[in-house]
1. Can you pull out the residues in the range 243-286 that are of a type in the set (D, E), outside any helix (DSSP H, G or I) and out of contact with any helix residue (DSSP H, G or I) (no Cβ under 6 Å at 6 or more places or on another chain)?
2. Of all the residues that make up the range 475-510, how many are among the β-branched types (V, I, T) and either over 27 Å from I542 (Cα atoms) or in contact with a Phe, Trp or Tyr (Cβ under 7 Å, 6 or more places away or on another chain) (or both)?
3. Which pairs turn up if I take residues in the range 494-515 that are more than 11 Å from A483 (Cβ to Cβ) and look for partners that are among the small types (G, A, S) with beta carbon separation below 6 Å, at least 6 apart in sequence or on another chain?
4. If A377 satisfies all but one of (1) open to solvent by 30 Å² or more (accessible area, probe 1.4 Å); (2) within 24 Å of I440 (Cα to Cα); (3) in a helix (DSSP H, G or I), what's the number of the condition it fails?
5. List every residue pair whose Cβ atoms lie under 9 Å apart, where the two residues are 6 or more positions apart in sequence or sit on different chains, the first residue falls within the range 319-339 and is over 15 Å from I360 (Cβ atoms) and touching a residue at least 24 places away in the same chain (Cβ under 8 Å), and the second residue, located anywhere, is of a type in the set (D, E) and surrounded by 21 or more Cβ atoms within 10 Å (Cβ to Cβ).
6. Tell me which residues, restricted to the range 406-455, are part of a helix (DSSP H, G or I) and without any contact (Cβ under 8 Å) to a residue 24 or more places away in the chain.
7. May I ask you to verify whether T263 is surrounded by fewer than 24 Cβ atoms within 10 Å (Cβ to Cβ) and farther than 21 Å from Y312 by Cα?
Amino acid sequence: ILLSHFNVLEIFIICDCIISILYNIFSLCRLRQTLLFFFFFLMIRRPPRSTLSSSSAASDVYKRQSTGMPTSTTAQTNTVSPTTSSVPPLTATPCPITQELRTLTQLVQSVLEAQGRQEELHKQQLSRLDAVVERQIALEGRFTALQKEVQDQHMSMSKTATPAHNEVVMGTVSSHHQLPYHNDPVPPTTTATTGGGTDNDTAAGTNNTTTATTAVTPTRRNTNWGADVGDTTPTAETVSTADTTGWSSNQWCALGSSLASDTALIRIGGETLCREDCYIRALRIDNTYALAWSNLGLCIKGANATVGGRRYTKQQCYQKALELNPNFAYGWNNLALMLADPNSTIIMNGVTYNQLSCYIKSIECDPTLGYSWNNIAMKLAPGETITIADEVLTSFDCYRRAAETAPNLPHGWLNLARGLSTGQTVLVSGSEYSRLDLFIMAVNVDPTYAVAWSNLAAELTSPTIDIGGGNIMTKIEVNTRAAELDFNSLSSLTNLAIAMLQPNSKVTIGGQAYSKKELLVRALGIDANYSYAWNALAACLIGHETVTVGGKAYNRAQCSARATQCL
């Protein structure tokens, strides 16, 4: 086929190009360079042949070679009759070089495609690996952020957990405090028995030991029922032989106030009496004794009490006391406690009162009654003001008045501290106090006040604190004290667990050792919807560790999910 279309020189040129192409393919193995040689090959073509109407130089050269065809040199000859030579017919056979070239080209393309697929697969693997690393970093960042969030939340536990305990302030006033009415004279002492007694005067903040001829009535009436540690009260031995014949209502009222609690019993003349019985005895003698009516309302155990054949509820006892003495400040304060419903009102002497107006009336009767100042502050919303004696006051002002007029009321110091921001100070009776100082005052006024201890621990930024008198305590010890005083307090248990930095460390409460996780599980056993405890529990779990709460196992992720659900 080549000989029928090309001469020897052309065939030589074609072969030279093919050899060059094969050499480059095998030496370079790059499709790009191979294509350049193909392009070079295509640029070389066979010179055009001469025809009757045109001629070319290359064609003339070829014409000089003998082809076995006679030519005429006579110019006058008009036609040329070439004599054709007999050439045997050729069979069209495929060129092996062309086939090899195509095979090599396909092989190169396959290699390049395979190499491309491998590179793409490698890129995909690297991309997946990068995604896994980024996800791991994100998870570690979330875990670190969760730990910091739990620490931040519980460092400010005083702002979040304390408001739930505000009702304790009102409850304390209604069930534990009473004052002498109009400076009643001390009842005469009897000579039936003799002995020494300790009178703990919480209003003055002093402990005075007195020696009297009898232990039935203290020289001063106890102003705090049962809250004074070490208060010596009458017992069956000291009064069992006392002659109560001729006792006045004042004496029976004083005897009731001297008992340790509302449920404490005393045996006199073969009778067992409680505080309520003593006040009823006082009213049998004088049913116009306002202080006895008010104290009876404080200690009624059931729905009502019977005086002179008639039943009286707590509210009716307070109303009776105020009818007898409209200026009885404690009566107004305790009557207000019966009007907890925002829609509750009462009519006294033709005037309608709600809870807040009863507290204000109490302050008008006695501006030094700190309990009423504290309760007024609790009734005011943030930013709300109230006018008392032509003075506009905020809740913070009322808390400060409570601390000034009732320095032995721990709730006043605690609530005043909650009204301060960290770094701020407040003047109380001429002395400057920081937020931390106010918490310290609260625990010193009442060392058994668990909420104050818990808030003090949450406020600490140093590892130790001097709570007064050179008593240095660590943060763990302060938290432990709060938990010991109230082992059912969610905030105390959670704060103590947060303060325990090592997951396997333990603290001893009531003679029993507890770990961090055990404290949090106990807190969640009290309230399974306490978000802070779930967050703290998630932070202390490591890896695939689980903990059982309410009979169900939880891992770290599940604890975090529960914390979010409980918000």
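1. The first filter runs over the range 243-286 and keeps only residues of a type in the set (D, E), leaving 243, 262, 271, 276-277, 286.
Next, from what is left, pick out any that are outside any helix (DSSP H, G or I): 243, 262, 271, 286.
Residues satisfying the conditions are D243, E271.
2. Result for the range 475-510: 4.
3. Final answer for the pair search is I498/A536; K506/A513; K506/S515.
4. Status for A377: all satisfied but (1).
5. That search, which allows pairs on different chains as well, returns nothing.
6. Scanning the range 406-455 gives L416, D437.
7. Working: surrounded by fewer than 24 Cβ atoms within 10 Å (Cβ to Cβ): yes; farther than 21 Å from Y312 by Cα: no.
Taking the combined requirement at face value, the residue does not satisfy it.
For (1) out of contact with any Cys (no Cβ under 8 Å at 6 or more places or on another chain); (2) surrounded by 19 or more Cβ atoms within 10 Å (Cβ to Cβ), each residue gets a yes or a no:
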residue: C317; (1), (2): yes, yes
residue: F328; (1), (2): no, yes
residue: L339; (1), (2): no, yes
residue: S344; (1), (2): yes, no
residue: Q355; (1), (2): yes, yes
residue: T368; (1), (2): yes, no
residue: A381; (1), (2): yes, no
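The values are calculated or read from the model by the stated rules, or taken from the named source; none is laboratory data. The model shown is predicted, which means the values in this text are computed figures rather than measured ones. Positions of Cβ are generated from backbone atoms using ideal geometry, with glycine treated the same way; all protein chains shown enter the neighbour counts. Areas reflect the complete protein model, heavy atoms only, side chains present, ligands, DNA and RNA absent. Shrake-Rupley method; radii C 1.70, N 1.55, O 1.52, S 1.80 Å.
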